[in-house]
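For reference, the structure is listed below as structure tokens.
Throughout, read-outs are computed from the coordinates displayed, never taken from laboratory work. What you see is a predicted model; the values in this text were computed from it and never measured. Glycine also receives a Cβ, built like all others from the backbone with ideal geometry; neighbour counts cover every protein chain displayed.
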Amino acid sequence: MGRAFEYRKAAKLKRWGHMAKTFTRLGKQIAIAVKAGGPDPDTNPSLRSVIVVCKRENMPKDNIERAIKNALGKDQSEYKTMTYEGYGPHGIAIFVDTLTDNPTRTVGDVRSVFNKFSGNLGTMGSLAFLFDHKCVFTFKKPADLDMEEFILNVIDLGVEDEYDEDTEEGTLTIYGDPKSYAEIQKYLEGEGFEEVGGEFTYIPNDLKEVTHEQRETIDKMVERLEEFDDVQTVYTNMKPAED
């Protein structure tokens, strides 16, 4: 398995530990997809992709339908994607991905946590060299799929030759250029792949070792950031703990 899979697996266990927070995050993604392309997943690829992720995270059907309905409301707030980055304790890089209807409130909340943990919130793009921005697609892997041929077919779409397979779930995960998200999704669905769910992620390109005590402090900071509803995902370049 590649570094991306190992990092994402460890981060997911930590990042999505609270089911209610997961549903809040996905509900906002549904709202953005609906506003961009309408409430019908059959004609809205972005919404279709988000719904697959919702189902994968065991979000109830009623919650999904309610989120779509709420997104159609006239007074529904407009969400904006905002990213905040800086250094936390022990020189660990921290990248905070948010969806917010009030950037002033959100940056204040994020800055307060950085200050509390003696961190330093930097300017947007200051840590870009430490993280690779990717689009990620996970889908059911056909039993007869020739991986060498498949990679050759998608590499021109900006898909990398590194992929991860989950044999227990029977799924395949590929990584690509974020700018090619729509093109990659269109290809996968056009070729008949099932349960195609896409997301965006930031993967650290250089993981940093920490002690047990240092990890506890950084984990507390991440947990505090995750308490804010505006926060979608918190990424760090801290090396995941070994089982």
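Which of THR24, GLY125, THR104 sits farthest toward the positive end of the charge dipole of the chain, with +1 on the Cβ of Lys and Arg and -1 on the Cβ of Asp and Glu?
THR104
What does the C-alpha gyration tensor say about the overall shape of segment 118-243? Classify as rounded when a/c is under 1.5, otherwise prolate if a/b is larger than b/c, or oblate.
Numbers: a/c = 2.29, a/b = 1.91, b/c = 1.20.
Prolate, because a/c is 1.5 or more and a/b exceeds b/c.
In deg cm²/dmol, rounded to 500, what helix-only [θ] at 222 nm does the chain give when every DSSP H run of at least 4 residues adds -39500 (n - 2.57) and the total is split over its residues? Working shown, then result.
Numbers: 8 runs with 102 residues, N = 243.
Per the formula, -13000 deg cm²/dmol.
Between the alpha-carbon centers of segment 184-214 and segment 54-75, tell me the distance in whole angstrom.
Segment 184-214 and segment 54-75 have Cα centres spaced 23 Å from each other.
Rounded if a/c is under 1.5, else prolate if a/b beats b/c, else oblate: with a ≥ b ≥ c from the C-alpha gyration tensor eigenvalues square-rooted, which is segment 16-150? Let's see the in-between values first.
Numbers: a/c = 2.20, a/b = 1.32, b/c = 1.67.
It comes out oblate by the Cα gyration axes.
With point charges of +1 on the Cβ of Lys and Arg and -1 on the Cβ of Asp and Glu, referenced to the Cα centre of the chain, which listed residue (ILE151, GLN214, TYR79) lies farthest in the positive direction of the dipole?
TYR79
For THR104, what is the net charge nearby, where nearby means another residue's Cβ is under 14 Å from its Cβ and Lys, Arg count +1, Asp, Glu -1?
Values: positive: LYS80, ARG105, ARG111; negative: ASP101, ASP109, ASP230.
Around THR104, the surrounding residues sum to 0.
Please compute the net charge surrounding LYS140, taking Lys and Arg as +1 and Asp and Glu as -1 over other residues with Cβ under 10 Å from its Cβ. Please list the in-between numbers first.
On the way: positive: LYS141; negative: GLU169, GLU194, GLU195.
Summing Lys/Arg as +1 and Asp/Glu as -1 gives -2.
Spin-label point model (7 Å from Cα, Cβ direction): what's the ASN205 to GLU227 distance in nm?
The modelled label-to-label distance comes out at 3.5 nm.
Under DSSP H, which helices of the chain have Cα atoms covering 24 Å or more of the helix axis and a Kyte-Doolittle average no less than -1.0?
Details: long enough: 19-37 (27 Å, 0.37).
Span-like helices here: 19-37.
Highest mean first, how do 124-136, 203-215, 21-33 rank when packing is the count of other Cβ atoms within 10 Å averaged over residues? Don't jump to the answer; show the numbers that get you there.
Values: 124-136: 15.8, 203-215: 13.7, 21-33: 20.4.
Packing proxy ranking, top to bottom: 21-33, 124-136, 203-215.
If you put +1 on each Lys and Arg Cβ and -1 on each Asp and Glu Cβ, how big is the dipole of the chain around its Cα centre, in Debye rounded to 20?
Working: 31 positive and 45 negative charges, 275 e Å.
Charge dipole of the chain: 1320 debye, to the nearest 20.
Direction-averaged shadow area of the convex hull around the Cα atoms of the chain, nm²? Walk me through the intermediate numbers first.
Values: hull surface 54.1 nm².
Mean projected area for the chain: 13.5 nm², to one decimal.
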